[in-house]
1. What net charge is computed for the residues neighbouring residue 9, neighbours being all others with C-beta under 10 Å from the C-beta of residue 9, Lys and Arg scored +1, Asp and Glu -1?
2. Quick check on packing: order 170-181, 20-31, 40-51, 132-143 by the mean number of other C-beta atoms within 10 Å, highest mean leading.
3. Between the DSSP loop rule and a limit of at most 13 other Cβ atoms within 10 Å, which trypsin sites (Lys or Arg not before Pro) in the range 1-81 are left?
4. Please compare each pair in 35/188; 35/189; 138/189 to a cut-off of 32 Å on the Cα-Cα distance and tell me which ones are over it.
5. How much of residue 126 can a 1.4 Å solvent probe reach, expressed as accessible area in Å² and rounded to 10?
Amino acid sequence: MALFLVFRTYRNNRIDLSYFSAALWIGVASLISLKAAFFLIVIWLALLSLRPFYPREWLVTFLGFLTPWYLFAGIHLLLGHSPKELTETFLSGLLHPWPFSPLERESYLFAGYLLLLTLLASFSLFANLPLMKVRSRKFHMIFFWNAVIAVVLMIFPGKNPTAMAPYLALSLSMLFSYYFSAEKPSMKKRVLFDLYIVGITLLALLRMMK
């Protein structure tokens, strides 16, 4: 939703306060997983890439993000908690370590294949960037930075690294859609896509048998 609100401001040269709503959605997500707050960086990159410089639009991104936290802090204090406890809750959401659970062999195999697809699709995308229209190029780069931030946050210590998976899946969906459908079809891509479907099916069957 946040990216949709950002993208619709393209070529609107008047002040557009849609960035307040986009930042608000990121603020709501950060109440569930605090590391989602780092996706404000994607909003700022979009402001730099898609918009003329309007200080008011930059200001409303901060106000939009903080709005859910105003409400959270008010309820927190109303229930008798101290500001110190609120600060500790905030910091623990960023810095609390998480135990690493090793993946099973079949999961490593599928993850490796997914990484291979990602590298192939990324190489294809960057090779074709100079041929794209300006709008398409900017949008794909925003999704690229969204994926980079998601991967960094999944590695960064925290309570639940898998909470960032939906953000990564969004960018990978756009990347794979471009790779498998936007270019000329080929037998190689058909085989790669079919192997992906087979891998998901086998992984699901193995989970059911355990």
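The values are calculated or read from the model by the stated rules, or taken from the named source; none is laboratory data. Because the structure is predicted, anything quoted here is derived from the model rather than measured. Reconstructed Cβ throughout: ideal geometry from the backbone, glycine too, with neighbour counts over all protein chains shown. These area figures cover heavy atoms from the full protein model, side chains too; ligands, DNA and RNA do not enter into them. Shrake-Rupley method; radii C 1.70, N 1.55, O 1.52, S 1.80 Å.
1. +2
2. On the way: 170-181: 17.2, 20-31: 20.9, 40-51: 18.8, 132-143: 15.2.
Result, highest mean first: 20-31, 40-51, 170-181, 132-143.
3. On the way: sites: 8, 11, 14, 35, 56; in loops: 8, 11, 14.
Sparse-neighbourhood loop trypsin sites (Lys or Arg not before Pro): 8, 11, 14.
4. Working: 35/188 38 Å; 35/189 35 Å; 138/189 25 Å.
With Cα atoms farther than 32 Å apart: 35/188; 35/189.
5. Surface accessible to solvent at residue 126 totals approximately 80 Å².
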